[in-house]
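Participant: Please find one structure pasted underneath; my questions will follow.
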Amino acid sequence: MPCTTDVFAGIARAGLVIGILAAGPASAANPAPSSAPQTSPANLKSDGPTQPAKVQDGQYTDANGDPTYHVTDGGKKVDWYTMSGYLRYNANCIVCHGPDGMGSTYAPSLVDALKGMDYAHFAGIITGGKKDVNASQELVMPAFGDNRNVMCYMPDIYTYLRARSDGAVGRNRPAEHEPKPAAFTKAEDACMK
Ligand code: HEC
């Protein structure tokens with residue numbers, strides 16, 4: 001159902017784009033209250049090779065506007081989206097791709113697959129699925145375009161897997177996470193409706 005798919009992808013993407021647009025120069029000139037994540041360069045520094053260029057409502061993005069992780073305290077503390085992605089991964093993907101994205105006899109390691117994979121490419125695979133017709137066993141990555149439990153958390157899952165792929169977070173559940181942003185709850189409610 002391409003229509004439903006487009007709507008979900010649109011929602012996931014729109015949330016991100018609005019976030020980027022909203023993070024204009026004003027937010028740098030008016031630092032957020034100390035309880036909220038700050039936008040000063042010092043606080044954007046992350047463990048791992050990919051550095052966020054921006055944070056808006058607890059969601060970090062890289063210089064290309066793709067979702068990225070914010071990992072601190074030597075890999076122990078993660079941003080909310082990485083945490084949420086970990087939980088969603090374990091609910092929807094682990095059965096085939098194995099614990100911590102490590103792969104299984106059936107499905108490839110996503111720690112490897114995410115290397116250099118941008119958000120648009122990732123979103124396309126998750127939405128439309130993928131099939132390896134040349135494999136001796138038929139390998140099928142299901143299309144999740146109609147599944148809100150995946151589509152509404154696409155940036156989250158990408159962010160988590162990116163952190164795994166970059167080696168910014170290790171295996172198992174992250175020990176600590178940044179607070180759940182109010183904007184996350186709002187977008188989640190709107191998407192899951
Ligand atoms: C029913 C089993 C199954 C489930 C569930 C599943 N996948 Fe897959 N996935 C596969 C298989 C098999 C492939 C390899 C397909 C191919 O080779 O064309 C794959 C491929 C992929 C790829 C492309 C890898 C590459 O090298 O290009 C990505 C990205 C991916 N899956 C992400 C996910 C995510 C994220 C989830 C959870 C939302 C998920 N998958 C759930 C079986 C699954």
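Participant: Given the C-alpha centroids of the stretch 64-90 and the stretch 136-175, what is the distance between them in whole angstrom?
Facilitator: 12 Å
Participant: With 10 angstrom as the radius, rank K130, K54 by how many other C-beta atoms surround their C-beta, starting from the fewest.
Facilitator: K130, K54
Participant: Straight-line reach from K54: which lysines have Cα under 25 Å away, leaving out those fewer than 8 places along the same chain?
Facilitator: K45, K76, K77, K115, K180, K186
Participant: Here is a follow-up. Around Y60, what is the net charge, scoring Lys/Arg as +1 and Asp/Glu as -1 over all other residues with Cβ under 15 Å from its Cβ?
Facilitator: -3
None of the figures in this text is laboratory data; all of them are computed from the coordinates on show. Model, not experiment: these values are computed from the prediction. Note that each Cβ is placed from the backbone with ideal geometry, even for glycine, and that neighbours are counted across all protein chains shown.
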